[in-house]
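Student: Got a structure here, written out as structure tokens. Questions coming.
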Amino acid sequence: MAKYKIAWLPGDGVGNDVMEAAKIVLDKIDLDAEYIHGDIGWEFWKKEANPLPDRTIELLKNTDCALFGAITSKPKEEAQKELSPELQKQGHTYFSPIVRLRQEFNLRTNMRPCKAFEGNPLNYKDDIDIVVFRENTEGLYAGIEFYPLPDDVREVMKKNNAKMARFDAVAKEDIAISLRVITRQACRDIVTDAFEFAKKTGRKSVTVVEKPNVIRETSGLMVRTAREIAKNYPEIELWETNIDAMCMWLVKNPSTYSVLVTSNLFGDVVSDLCAQLVGGLGFASSGNIGDDYAVFEPTHGSAPKYAGQYKVNPMAMLLTTKMMLDWLGETQNAKALENAIAEVIKEGRVRTYDMGGSNTTLEVAQAVANKL
Ligand code: IPM
Ligand code: MG
């Protein structure tokens, strides 16, 4: 029996292309693993009204971790239209399978490294090395939303918060509410993970990115908790920055920042910004990490227009594979893979179109494998 069982979830669009690239390096490393395919994504929404079938959940429960490509997700009405005719009008609503996976498996930490590799022509600056820690199960992604607004919900809110009276005259069809839910435990966990990582890697600062001057309760809880946790790490500074200012500072002085920690939606936004500073989504890896399970995925989407063309940059996926190896405890292999990636970028001979080259996804993966 293989040492590891890995759920293999290509998903949609270029997810398939980049997973093939990952397989090339994993085979070269000769990782003692069994890769088991799982169904996930748009195809299963259209055919089964469920982009994350139960059989896939079961598969994940029987594996050590999952490697995931990309998924297409669309807003409510568009998703509805693409459902196969016999499934229409049965009350199915689309949900994002990756968001559901994060919640169902309590993959509470989304870790997103954004490092400028030497020789990458797309670097905004060459000394950027930021790691975003994004709370992954709550916040505005908790999925607690109301539309049309039920009368009893409106009443309860009005009774408890005078500000609700402003909306008295608004009809229930003309108002929508999405709740931002943040628990103390989730704040503690994400901030602790960020500080532990900083400690382990010798980083000097952790920046909590919120907006407590306006979003007093939820952002406030995150910042207050960060101050509490920071006391356990006297050698690491805690910086506090508002999300809007953070975006400005990241464009102005990106090299100043090291570890960022934030709630779900802000983390989604700021991690795309950080990715662009180091060459774009073609270089952005991520891990959805829980206490005993993890799903690794590149930050990019499924880019349907490039699907099957082997055009997109596999570096994000290869760096994601590196994160998976680290998490499995395959530290040597992880280091070797990162070095191989760094060498290929530095040499600059084999490059996908985004880097000004004309090589395919698989040629880049092969070049990395050749260095291993
Ligand atoms: C990400 C993506 C997802 C998110 C989408 C695909 C649901 O943007 O992983 O950053 O919003 O979390
Ligand atoms: Mg995103």
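The values are calculated or read from the model by the stated rules, or taken from the named source; none is laboratory data. Remember, it's a predicted structure, so these values are computed and weren't measured experimentally. FYI the Cβ positions are ideal-geometry reconstructions off the backbone, even for glycines, and counts take in every protein chain you see. When the accessible area is computed, the model is the full protein with side chains, heavy atoms only, and any ligands, DNA or RNA have been set aside. Shrake-Rupley method; radii C 1.70, N 1.55, O 1.52, S 1.80 Å.
Student: Would you mind stating whether T72 is in a loop (DSSP other than H, G, I, E, B), farther than 30 Å from G308 by Cβ, open to solvent by 20 Å² or more (accessible area, probe 1.4 Å) and within 16 Å of ligand 2 (Cβ to nearest atom)?
Tutor: No; evaluated as a whole, the condition is false for this residue.
Student: Within the set of pairs 6+ apart or on separate chains, which have a first residue in the range 81-105 that is without any contact (Cβ under 8 Å) to a residue 60 or more places away in the chain, a second that is among the acidic types (D, E), and C-beta atoms under 9 Å apart?
Tutor: S84/E48; L87/E48; Y94/E78; Y94/E82; Q103/E138
Student: Looking only at the range 140-186, how many residues end up being under 26 Å from K211 (Cα atoms), of a type in the set (G, A, S) and out of contact with any Lys or Arg (no Cβ under 7 Å at 6 or more places or on another chain)?
Tutor: 5
Student: Does the range 135-152 contain any residue that is at pLDDT 95 or above, over 30 Å from D174 (Cβ atoms) and touching an Asp or Glu at 6+ places or on another chain (Cβ under 9 Å)?
Tutor: Checked the range 135-152: at least one residue is at pLDDT 95 or above, over 30 Å from D174 (Cβ atoms) and touching an Asp or Glu at 6+ places or on another chain (Cβ under 9 Å).
Student: Now for a separate question. Confirm whether K89 is at pLDDT below 95, part of a loop (DSSP other than H, G, I, E, B), surrounded by fewer than 16 Cβ atoms within 10 Å (Cβ to Cβ) and in contact with a Phe, Trp or Tyr (Cβ under 8 Å, 6 or more places away or on another chain). Explain how you work it out, then say what you get.
Tutor: Working: at pLDDT below 95: yes; part of a loop (DSSP other than H, G, I, E, B): yes; surrounded by fewer than 16 Cβ atoms within 10 Å (Cβ to Cβ): yes; in contact with a Phe, Trp or Tyr (Cβ under 8 Å, 6 or more places away or on another chain): no.
When the stated conditions are applied, K89 does not pass them.
Student: For the range 237-325, which fully contained strands (runs of 3 or more DSSP E) count at least 2 residues that are within 16 Å of ligand 2 (Cβ to nearest atom) and under 19 Å from A21 (Cβ atoms)?
Tutor: Values: elements: 237-242, 259-262, 287-289, 294-296.
Where strands (runs of 3 or more DSSP E) fall fully within the range 237-325 and carry at least 2 residues being within 16 Å of ligand 2 (Cβ to nearest atom) and under 19 Å from A21 (Cβ atoms), they are 294-296.
Student: If you don't mind, there's one more thing I want to ask. Taking the stated definitions as given, is T262 touching a residue at least 40 places away in the same chain (Cβ under 8 Å) and more than 16 Å from ligand 1 (Cβ to nearest atom)?
Tutor: Values: touching a residue at least 40 places away in the same chain (Cβ under 8 Å): yes; more than 16 Å from ligand 1 (Cβ to nearest atom): no.
Against the criterion (touching a residue at least 40 places away in the same chain (Cβ under 8 Å) and more than 16 Å from ligand 1 (Cβ to nearest atom)), T262 does not qualify.
Student: Right, next: Just the residues that are open to solvent by 30 Å² or more (accessible area, probe 1.4 Å), of a type in the set (A, V, I, L, M, F, W, C) and within 16 Å of ligand 2 (Cβ to nearest atom), please, taken from the range 122-167.
Tutor: L140 - this is the single residue of the range 122-167 that is open to solvent by 30 Å² or more (accessible area, probe 1.4 Å), of a type in the set (A, V, I, L, M, F, W, C) and within 16 Å of ligand 2 (Cβ to nearest atom).
Student: Let me ask you something else. With the checklist (1) open to solvent by 10 Å² or more (accessible area, probe 1.4 Å); (2) within 15 Å of I182 (Cα to Cα) in hand, flag the one item M222 doesn't pass.
Tutor: (1)
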